[in-house]
Amino acid sequence: MRNILVLTLIAVSFFKVELIYSGKPAWPIYGMPAAVHYDPVRHEFVDKTPSWDMINVLEDLREGRKKRSLPVRIPEKKEIRVKFNLFWRREEASEEKFLLITAVASKPYRQKVLLVNGPSQDPGDRFFGWPTPLLYAIAPTVEAIRGGLLNLSLADKIFDPWCYVEGVNSQEIKSSFRDKLEREGADIVCASATYDSLYPTLQLFAEAKKLNPRIVTILGGPHFDEVHNISALSDIFRHPELIDYAIAGDGEIALRELLKELSIKETANLQTVAENSTGRVWVYNNRGQSVSINKPLVLDELPFIPIELASDSHRLDFDVFTDEQGTILPTIQMIAARGCPYSCSFCSERKELAYPNVRSIGNIIQEIELRKQQGFRVVFFDDSTFGAYPKLLDLLHELKNTGMKFGSLNRFNHLTNPKLVEEFREAGFVYFYCAIELYDDEALRRMMKFQTTSHIIRGMRNLADFGFTLGVSLLYGLPYETEESIQATLDFTKEWVERGVIKLVSESVLSFHPGTPEGRDKNYSFDRTPPNLGYPWNRFEEGQWYHPAHVTPQYLEKILIASQERFSYALVRNRHSWVKKSSGVNG
């Protein structure tokens, strides 16, 4: 396939296509606007885009639709001319000639990509699942490679260790990573990182650079989405020696175009990446250059995530879904919509960070049917708030026809209508994960939750009436919490655990994130090991990181003792069935 592609490129490169138009042109006409010239004698516009770019133009013409380079409006076409275009006579930049020589040599600049899901630094974490941010990001690239449109290959599996603890298993993880790099022969490393997995990801990038200084590293993921426009915290500005390129926002198409550039050039032209990308996305390199794109991204046009690149063990990560015998059911994660319509003061997944973008019902059902064929029995919707889907009732009616079970993230204020909760149940939903945070109206108001204790109790009663099970999150460490609000939260949670409605309780501590109102002025960096290690920090989600001054070990231990007394068996971090091997490196 590679040889055929190279021979095709060589043959095409000896010809030049000129598109001759009459009338006033739409800017840009095909290809690059700089290549469009006006002929004052013939009163015509001529597009002399270099032949490398014209390959995309011809593909667009063949398919008859805008996909790669077609303009918004096409002027009346007069004729198409095909001329010889011998490379030693070309007027293009020297880089174009160099690219042709490289193609003739039959060897791309780079050939193989290793994907990395940044490992958490929290060994107490029990929320496992598919590496969905990375799988979504890489899906169009996988499609292009398999379709012969991108001259790269992928390592067989994502490098996905379950945790990385400096001085405990860090050397083992690094050694496994080096072995995989050498075994695969990868020359591009592409990683997705959260705030907690940033430091381990940078350590792996450092190992890659030690092994081969020419390896190109690309960073993306939820953490960089949050900090990319904060110059003091942007990871590519802080670590240009480790990160070559970084992508924030809707990175799916931009990543594919960046990899396309890196497969044929020593360094990627960010402007070319931008011209061929869609979505709201920012792309950076370590030389201080950046581009931003703001074009509509249609989620239905993205391929489904390539789950075969991840470990098959993720099928059994959700032990809240079982059959009558208690056997864990194979579960896949999906999204129906991207973005969150809310802006809670403490949350980094905020309305202004990810604008809402919705998949069609037909596209969602199409993926569910595929997952059924692959042996999955349950779909867990990872949307920030599944209940905010615009055509929710229509979607629920279609989900019912699939015969699958479902769970999702949701909010109590979307579950106060008993008829709607009944619709959820009839559609196949059996489990929700919702946030109580603090069972106190003043605290909920100040955190801008747009949820009240009335919403919580009404939603809880509806869920109990229709036989749902529930996971909840509790949040401590807020500057305005009181002993009374904490006690009310613990007592309310205990009541519904004892009733059998709440099956899982996740306790979190307010952690300052730079993209939130609570953490915006703190400028805390995450390219380090956690500042708070060991007990009792490790008994809370985000407990290891940055908190208000009143959050001390003694403060948290008091809360922990109270929650252990009330609902110990429901605490997520006591659920030993989810514990994985400490050396569990996939691939």
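The figures follow:
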{"quantity": "Segment residue 323-residue 523, extension gain: residue separation times 0.36 nm, minus the distance between their alpha carbons", "calculated": "67.3 nm"}
{"quantity": "In Hz, Karplus ³J(HN,Hα) per residue of the range 426-431 (6.51, -1.76, 1.60; θ = phi - 60°; x = Gly, Pro)", "calculated": "5, 6, x, 6, 10, 8"}
{"quantity": "Per principal axis, descending, Cα span of the range 337-414 in whole Å", "calculated": "41, 22, 22"}
{"quantity": "Mean projection area, nm², convex hull over Cα of the range 269-371", "calculated": "10.2"}
{"quantity": "Full-stretch length increase - residue 372, residue 295 - with 0.36 nm per residue and alpha-carbon distance subtracted", "calculated": "24.4 nm"}
{"quantity": "Phi to ³J(HN,Hα) by Karplus 6.51 cos²θ - 1.76 cosθ + 1.60 over the range 256-268, Hz, x for Gly, Pro", "calculated": "4, 5, 5, 5, 4, 4, 5, 6, 10, 9, 5, 10, 7"}
{"quantity": "Sequence-distant residues sharing a close amide H with residue 322 (under 5 Å, placed H)", "calculated": "329"}
{"quantity": "Share of Cα-Cα pairs in the range 156-265 lying beyond 21 Å, as whole percent", "calculated": "36"}
{"quantity": "Percent of Cα pairs exceeding the 26 Å cut-off, where the set is the range 318-577", "calculated": "44"}
{"quantity": "Percentage relative contact order, the range 112-299, counting C-alpha pairs under 8 Å, at least six apart", "calculated": "21"}
{"quantity": "For residue 476, distant residues with modelled amide H under 5 Å away", "calculated": "508, 509, 510"}
{"quantity": "The range 269-419 - percent relative contact order, Cα under 8 Å, separation 6 or more", "calculated": "18"}
{"quantity": "Sparse-neighbour loop sites [chymotrypsin sites (Phe, Trp or Tyr not before Pro); the range 494-561; at most 16 other C-beta within 10 Å; DSSP]", "calculated": "524"}
{"quantity": "Unsatisfied cross-links (Cα-Cα over 32 Å) in the set 157/391; 180/265; 449/558; 260/449", "calculated": "157/391; 260/449"}
{"quantity": "Candidates per trypsin sites (Lys or Arg not before Pro) in the range 202-261, loop by DSSP, up to 15 other Cβ within 10 Å", "calculated": "214"}
{"quantity": "DSSP beta bridge pairing in the range 112-299, given as percent antiparallel to the nearest 5", "calculated": "40"}
{"quantity": "Length-normalised contact order for the range 360-407 - Cα pairs under 8 Å, 6+ apart - percent", "calculated": "60"}
{"quantity": "Derived scalar couplings ³J(HN,Hα) [the range 223-236; Karplus, 6.51 cos²θ - 1.76 cosθ + 1.60; whole Hz; x for Gly, Pro]", "calculated": "5, 5, 3, 7, 10, 4, 9, 10, 4, 6, 10, 4, 5, 6"}
{"quantity": "Residue-span extension gain [residue 565 to residue 230] - 0.36 nm each, minus C-alpha spacing", "calculated": "116.3 nm"}
{"quantity": "Estimated FRET transfer efficiency (residue 313, residue 183; beta-carbon r; R0 22 Å; 0.05)", "calculated": "0.60"}
{"quantity": "5 angstrom amide H check on residue 409, placed H, neighbours 5+ away", "calculated": "381, 383, 386, 433"}
{"quantity": "Zone of residue 452's modelled label, taken as backbone nitrogen in the range 398-434 under 16 Å from a point 7 Å along Cα→Cβ", "calculated": "412-417"}
{"quantity": "R0 of 25 Å, Cβ-Cβ distance residue 128-residue 175: FRET efficiency to nearest 0.05", "calculated": "0.60"}
{"quantity": "Convex hull volume of the range 112-299 per residue (C-alpha atoms, cubic angstrom)", "calculated": "117"}
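Read-outs: derived from the displayed coordinates by stated rules, not from any lab. Fair warning: this is a prediction, and the values are worked out from it, not measured in the lab. Using ideal geometry, Cβ is built from the backbone for each residue, glycine included, and neighbour counts are taken over all protein chains shown.
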